[in-house]
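> Below are the structure tokens for one structure; questions will follow.
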Amino acid sequence: MSTVLVLNSSASGAASVSRQLVERAVADLRAQDPGLRVVTRDLGANPIPHLTLESATALRGADPVNQEQAAAQALSNELISELKAADVIVIGAPMYNFGIPSTLKAWFDYVLRAGLTFRYTEAGPEGLVTGKRAIVVESRGGLYSEGPAQTMDAQEPHLRTMLGFIGISDVSFVRAERLAFGPEIRDQAIDGAKAEIERLTGTALAVAA
Ligand SMILES: Cc1cc2nc3c(=O)[nH]c(=O)nc-3n(C[C@H](O)[C@H](O)[C@H](O)COP(=O)(O)O)c2cc1C
């Protein structure tokens, strides 16, 4: 039995394209493994708090000296446990102002922790979350995978860096782009993303096993 960690980060509820595509990916994975265990964090609906002086101090390794620090460490430990228990991570990542939603960034702020998900060695930083496969669904109003706006994409490189930094280098990006270019182009983009998801999920569990 495999475990999938699902992270949604759209603020748009049921209207979210990335959420719909993430659901499709989970359904495809479940079709292969009816006993699939799915752990979901809807960061858009239930955001993780942004860092404060107390939480940032606690997440950088200090022993908690008050309740806020203890709560931040406990939440971080829980999120890291969910990540480490997963075989496959499916992330719904809308583009907001050329990057990822701050709610998704907050999840990474709680999960990238020295000694737990990465460590520094004499050869440089080393990711400690290995043996995972990630599928990232990116929804975007515009076109960034080619053309003049390519250099404005601060979403995909940032996600690739953060995942790679903790050891998740087997990452597939599914892009639903040009969603704001009219209904026909939008439908084509969503259909194309669904086809890509079907292709990727066909091997995701086998690779993770
Ligand atoms: C606050 C906000 C900022 C956005 N910024 C961008 C952007 O910089 N570039 C872009 O192409 N689309 C942008 N969009 C459009 C979204 O990427 C697009 O609507 C996408 O479908 C959002 O994903 P979702 O449907 O899963 O919520 C923005 C949307 C919102 C709500």
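The values are calculated or read from the model by the stated rules, or taken from the named source; none is laboratory data. Because the structure is a prediction, the values reported are computed rather than measured. Cβ atoms come from the backbone with ideal geometry, glycine included; neighbour counts cover every protein chain shown.
> Pick from segment 136-156 the residues that are within 13 Å of the chain's Cα centre (by Cα) and not β-branched (Val, Ile, Thr): which of them is farthest from residue 83 (Cα to Cα)?
Residue satisfying both the conditions and the ranking: 139.
> What single numbered condition from (1) surrounded by 14 or more Cβ atoms within 10 Å (Cβ to Cβ); (2) in contact (Cβ under 8 Å) with a residue 12 or more places away in the chain fails to hold for residue 180?
Failed condition: (1).
> May I ask you to list the residues in segment 171-209 that are closer than 25 Å to residue 108 by Cα, over 13 Å from the mean Cα position of the chain (by Cα) and not aliphatic (A, V, I, L, M)?
Answer for segment 171-209, where residues must be closer than 25 Å to residue 108 by Cα, over 13 Å from the mean Cα position of the chain (by Cα) and not aliphatic (A, V, I, L, M): 175, 177, 201.
> What residue, among those in segment 129-143 that are in contact (Cβ under 8 Å) with a residue 60 or more places away in the chain and part of a loop (DSSP other than H, G, I, E, B), is farthest from the ligand (Cβ to nearest atom)?
Among them, the one singled out is 131.
> Please go through segment 38-76 and pick out each residue that is surrounded by 14 or more Cβ atoms within 10 Å (Cβ to Cβ) and more than 23 Å from residue 100 (Cβ to Cβ).
54, 57, 58, 64, 68, 69, 70, 71, 73
> Can you name the condition, by its number, that residue 135 falls short on among (1) more than 30 Å from residue 181 (Cα to Cα); (2) buried (at least 21 other Cβ atoms within 10 Å of the Cβ); (3) touching a Leu at 6+ places or on another chain (Cβ under 6 Å)?
(1)
> May I ask you to list the residues in segment 1-27 that are surrounded by fewer than 18 Cβ atoms within 10 Å (Cβ to Cβ), away from the ligand (no atom under 16 Å from the Cβ) and not in a loop (DSSP other than H, G, I, E, B)?
Selection gives 3, 27.
> Hey, could you check segment 150-176 for residues that are polar (S, T, N, Q) and either modelled with pLDDT under 95 or more than 16 Å from the ligand (Cβ to nearest atom) (or both) and say which is surrounded by the fewest Cβ atoms within 10 Å (Cβ to Cβ)?
Among them, the one singled out is 161.
> Turning to a different aspect of this structure: Out of all the residues in segment 80-121, which are of a type outside the set (Phe, Trp, Tyr), within 16 Å of the ligand (Cβ to nearest atom) and in a helix (DSSP H, G or I)?
Listed by number, the residues that qualify are 102, 103, 104, 105, 106.
> Here's another thing I want to ask about it. Restrict the check to segment 79-102 and report whether at least one residue is exposed (fewer than 13 other Cβ atoms within 10 Å of the Cβ), closer than 19 Å to residue 8 by Cα and hydroxyl-bearing (Ser, Thr, Tyr).
yes
> Please count how many residues of segment 144-175 are farther than 19 Å from residue 200 by Cα, touching a residue at least 12 places away in the same chain (Cβ under 8 Å) and hydrophobic (A, V, I, L, M, F, W, C).
So the count comes out to 5.
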